[in-house]
1. With charges set only on the Cβ (+1 for Lys and Arg, -1 for Asp and Glu), what does the dipole of region 100-197 come to about its Cα centre, in debye to the nearest 20?
2. Can you give me the distance in nm between label points at T43 and A69, each placed 7 Å from the Cα along the Cα-to-Cβ direction?
3. What does the extension gain come out to for M177 and S96, with contour length at 0.36 nm per residue minus their alpha carbon separation?
4. Please work out how much length the chain gains when fully extended from D53 to N196, using 0.36 nm per residue of separation minus the C-alpha to C-alpha distance, in nm with one decimal.
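Since every read-out is calculated from the coordinates, none of them should be taken as a lab result. Given the structure is predicted, the values throughout are model-derived calculations rather than measurements. When we count neighbours, we look across all protein chains shown, and the Cβ atoms used for this are built from the backbone with ideal geometry, even at glycine.
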Amino acid sequence: MKKLLTVTLALAVAISIVGAQDKGKGGGKGGGKGKGAPNLPPTIHLTVAGLTDGGRYPMANAAQGPSPAISWSVVPMGTQSFTILLHDPDPVVNKSATNDVTHWMIYNIPGTATSLAGGIAAGDLPDGTKQAANITGQPAYFGPAPPAGHGIHHYTFEIWALDTKLEVSPATRDSVMKAMDGHVLAKGMVIGLYSNE
């Protein structure tokens with residue numbers, strides 16, 4: 001009887017160990033590799049000079065200052081171009097639930113590029129990179145400049161890797177975003193905080 005009890009106990013322990021290992025493999029919903037989890041593309045690692053993600057936006061690049069130097073890595077195969085957007089999601093613009101303040105949108109950055117120099121001039125670049133209109137209507141960088149006393153704003157850099165180059169006219173944030181739809185291979189993001197007290 002004692003021998004049978006020992007064998008039964010050993011079998012129960014073995015079954016519980018196998019069950020725990022199966023759970024660790026993500027077999028259920030939300031487990032990472034199971035049927036319930038989406039197959040997500042890699043996240044682009046985006047770096048903005050002078051900015052730690054979630055830290056203060058560089059004062060030198062605010063308001064009328066130049067655009068900061070930007071670099072990125074972890075790029076998927078098949079990337080033909082990049083688009084970078086800098087926007088401020090905090091203000092309400094024209095009572096819109098989806099629109100916010102566009103500070104910079106630069107697109108058709110060559111798919112072989114891994115960085116942008118600081119101080120990008122307005123308009124098209126010699127390598128085919130283009131800029132869409134910002135909140136002032138200019139195809140250029142426009143640094144953070146929140147109203148005095150308006151509190152901290154979350155200036156958000158987003159980068160997308162695309163499997164194509166974009167043909168848009170006129171070049172606005174809306175037209176670029178619509179042209180990007182269905183061509184995004186990966187994305188990255190960095191947020192900088194800034195206020196004008």
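1. Using Cβ point charges on Lys, Arg, Asp and Glu, region 100-197 gives about 40 debye.
2. 2.5
3. Extra length available between M177 and S96 comes to 27.5 nm.
4. Details: separation 143, 0.36 × 143 = 51.48 nm, distance 1.93 nm.
Residue separation times 0.36 nm, minus the Cα-Cα distance, leaves 49.5 nm.
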